[in-house]
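Bear in mind these aren't lab numbers, they're just calculated from the coordinates by the rules spelled out. Everything quoted here is computed from the prediction, not taken from an experiment. Note: ideal-geometry Cβ built from the backbone for every residue, glycine included; neighbour counts use all protein chains shown.
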Amino acid sequence: MVTQSPPADGDRYVAAHSSAEFQTLRRRSQAFLLWASVVFFGWWFTGSALATFAPDFFRREVGGPVNLGLLFVLLSFVLVVTLSGLYLRYARTRLDPLGEQVRAGLEAGPDVGPKGETR
Amino acid sequence: MTVLADPPPPVDNTWAAPAVAVPATLAIAVVVFLLVRAVRGGIRDQGDFLLAGRRIGPGQNALALAAAPLMYSTLFIITGHVALSGYDAVLLLTSFTMSMMLGVLLFASHMRNLGATTLGDVFAMRARERPARIAASVVTLTIYAMFTVITLAAIAFILNRWFGLDSLVGLAGSVLVVGLVTVLYVYMGGMPGVTRLLTFKAVVALGVVAMLTTLVLVKFDFNLVRLLDTAEARSAPQGDYDLLGPGRLFGEGSDRWVHLSKLFCVVVGVAAIPFLFMRNFAVTNGPDARRSAGWAAMIVVAVYACMAVVGLGSVAVLGRENIGVIKAHRDISLPKLADELGGPLMVGALGAVAVLTVAGVFAALLINAVTCVTRDVNALRGRRPAPGRELADVRRNVMIVGIVSVVGGVAMLPVRTHIFIPTSIDVAGATILPVVVYALFWRRFNTAGLKWAVYGGLASTMFMVVFSNGMSGAEDAIFAGSDFKFIDIEPGLISVPLAFLLGFLGTVLSGERDDAAFAEIQVRSLTGAVVPARRGASVGAVLDVGGNGRDVNRGDGNGRDGDGRANRTTSEAR
């Protein structure tokens, strides 16, 4: 397939993509996704591996019938709720207003497009 | 017939209460009929029928999204699984709640913002349209076929366990009726109707879960510690493995890898299953889609935390001999518990709810397949309905796909198809997940990468499934008589990373590169902006359902026609 290049008159998405506002939005969004994924998958796969290959660790009792394994399940539930809540709040306050700004600039038309260079 | 050929020990169904269950099911069917019929008048075009005009609010979608994956196996059998296998089963149940996270973080707002109608629309944003739509259709319809077969089989299981029906003809006839009634719901109400059905299912299922949990806890004076102690004491001894510690099911040798692979596959695959994935498209806007996915995750956590309590509670209440004591009998534990807690009245009511949950899954599957056929497949065939015939066209597709599915599902009843559920999850994780990740975040990604990821992920999963214990070498395999199995683990543990690797290789080995498409998908996925641009001809055509203007949609949803038509004009003008 032939390499495609953006047309000379400038694709408006490309222009928006290189705008400072969008780059901030993109950096914030991807930074959150990255650390959230690391925490989330790190937690789950560490726990899964412990349950699978170090069962004695998870059998350790922490009080009454409750062992570390059950505590891990409980904390996993808490993690899902907490991480969802944090992401919803982060997105509402830090992502959506910026996204709205970029979108409004884009949809208003080429004349009032977002500040930024066309590549 | 699987449900009739119960392996020993014999199951003596002493609890079924058809005299309650049948009227309760009919009552639920009538309620759903009225709910679905009420939205029929609001359906004016294909956008209304397939995506509810993107007017579904975050609260309703959260309920529907949380309810959609609650089926017979994940809501009803799971308690028996927990009662029998203890901690290992609890961990599997937890992985279903963890699986919602990928939907919240990666899929919900990004996919809604793209303004797509089908998986093919998403795939086509970073690849040439034709191969993208072919790949998306192959994935969607493969998963649809497998999931539908097991969903319809689940109806037979319910009728056998909860209604006491055990003649093959009776089961086949009943599955046919339930299946066709569900097709009728979808025919009438389209996506708005399916959403209503799922919302109703969510409310009923949540009520049932809350009631069961309360009744179990009442037995132990709301003392969870006493419940756990009793469950441990009354469960069957099994070597060193007690009920609340890991290892009861997967404690030895290579079984441990099986366990790990299952925990992995559920987490990466479930949220990508197309009929769940597409629910994101129907929400009012990107932020609402994100909210609804987040709330759905919280609802699912609550449901599964309760189901773990009910599962452990059932062995605590019933004792080791009275639960299902082998894997194939896990589904008798919950009806027995219901019988113990509330007698025939509760068994009958729960049987009816079980039918509702499965019918809801089938309806969600069917609207997904119809969307794929109406948009992706017809675009590939160059078919366009005559003007004014769009609704008739999509309803005809519901009839064709629905009836073929129900008849095919009934014909497949005698086959042991339980392997189809994990396989569907693996396929979703090994095809849709890598494509979405690369499409959103990798500038270089292209058509070849998409093809390699999708077909490589699909083929490697299927190859391993053929040689897994679902096909042969096990009592409950499709070919139980033969043994050509050499794969024990859940294939996704290998095929998901492999699909990522193949997607990478395919991309870098191809010269195709489209930086503008990357800029477009990034801007659109984060902002929801839609402007006529370079790719108006291919991707603009995709936008004609409901448009994507957020302000316009927010509130009354009336503006969507203007926005949608504008895009359609752009695309048709070319």
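Quick look at the values:
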{"item": "Relative contact order (%) - chain B, alpha-carbon pairs under 8 angstrom, separation at least six", "result": "28"}
{"item": "Ranked list, fewest to most other Cβ atoms within 10 Å of each Cβ, for A:R92, B:R279, B:R395", "result": "A:R92, B:R395, B:R279"}
{"item": "Tail weight of P(r) past 23 Å, computed on alpha-carbon pairs of the stretch B:292-401, percent", "result": "54"}
{"item": "Cα-centre dipole for chain B with unit charges at Cβ (Lys and Arg positive, Asp and Glu negative), debye to 20", "result": "2180"}
{"item": "Inter-label distance, nm, simple model (7 Å from Cα along the C-beta direction), B:K219/B:D12", "result": "2.0"}
{"item": "Estimated inter-spin distance, A:A31 and B:V30, nm [label 7 Å along Cα→Cβ]", "result": "6.0"}
{"item": "B:L180/B:R130 FRET efficiency (R0 60 Å; Cβ-Cβ; nearest 0.05)", "result": "0.95"}
{"item": "Helix runs (DSSP H) in chain B reaching 27 Å along axis by Cα, Kyte-Doolittle at least -0.5", "result": "B:18-40, B:129-163, B:168-219, B:286-318, B:333-371, B:390-411, B:420-441, B:447-466"}
{"item": "Partners for B:K262 among lysines (Cα-Cα distance below 23 Å; same-chain residues under 8 apart left out)", "result": "B:K327, B:K485"}
{"item": "The stretch B:333-376 residues near the modelled B:R320 label - backbone nitrogen below 14 Å, point 7 Å along Cα→Cβ", "result": "none"}
{"item": "Euclidean distance between Cα centres, the stretch A:83-104 to the stretch B:154-171, Å", "result": "49"}
{"item": "Nearby aspartates and glutamates by direct alpha-carbon distance to B:K219 (threshold 17 angstrom, same-chain neighbours under 8 apart not counted)", "result": "B:D229, B:E232, B:D339, B:E340"}
{"item": "Dimensions in Å of the stretch B:220-299 - Rg and Dmax from alpha carbons", "result": "19.5, 54"}
{"item": "Fraction of alpha-carbon pairs over 27 Å apart in the stretch B:388-545 - percent", "result": "47"}
{"item": "Full-extension gain in nm, B:Q238 to B:V404, via 0.36 nm per residue minus C-alpha separation", "result": "55.2 nm"}
{"item": "Likely footprinting exposure, B:D331, B:D12, fewest C-beta neighbours within 10 Å first", "result": "B:D12, B:D331"}
{"item": "Stretchable slack from B:D166 to B:V203, in nm (0.36 nm times residue separation minus alpha-carbon distance)", "result": "10.3 nm"}
{"item": "Whole-Å semi-axes of the ellipsoid equivalent to the protein assembly as shown (Cα gyration tensor, √5λ, descending)", "result": "42, 28, 24"}
{"item": "Amide H contacts under 5 Å for B:F479, placed H, 5+ residues apart", "result": "B:S472"}
{"item": "More than 17 angstrom apart: percent of Cα pairs within the stretch A:14-105", "result": "62"}
{"item": "Centroid-to-centroid separation of the stretch B:63-94 and the stretch B:1-51 [C-alpha atoms, Å]", "result": "19"}
{"item": "Per-bin percent of Cα-Cα distances, the stretch B:46-529 [10 Å]", "result": "4, 20, 31, 27, 13, 4, 1"}
{"item": "Estimated inter-spin distance, A:V66 and B:A38, nm [label 7 Å along Cα→Cβ]", "result": "4.3"}
{"item": "Gain in span if fully extended, A:Q23 to A:F45, counting 0.36 nm per residue against the direct Cα distance", "result": "4.7 nm"}
{"item": "Relative exposure of B:T447, B:T230, judged by other C-beta atoms within 10 Å (fewest first)", "result": "B:T230, B:T447"}
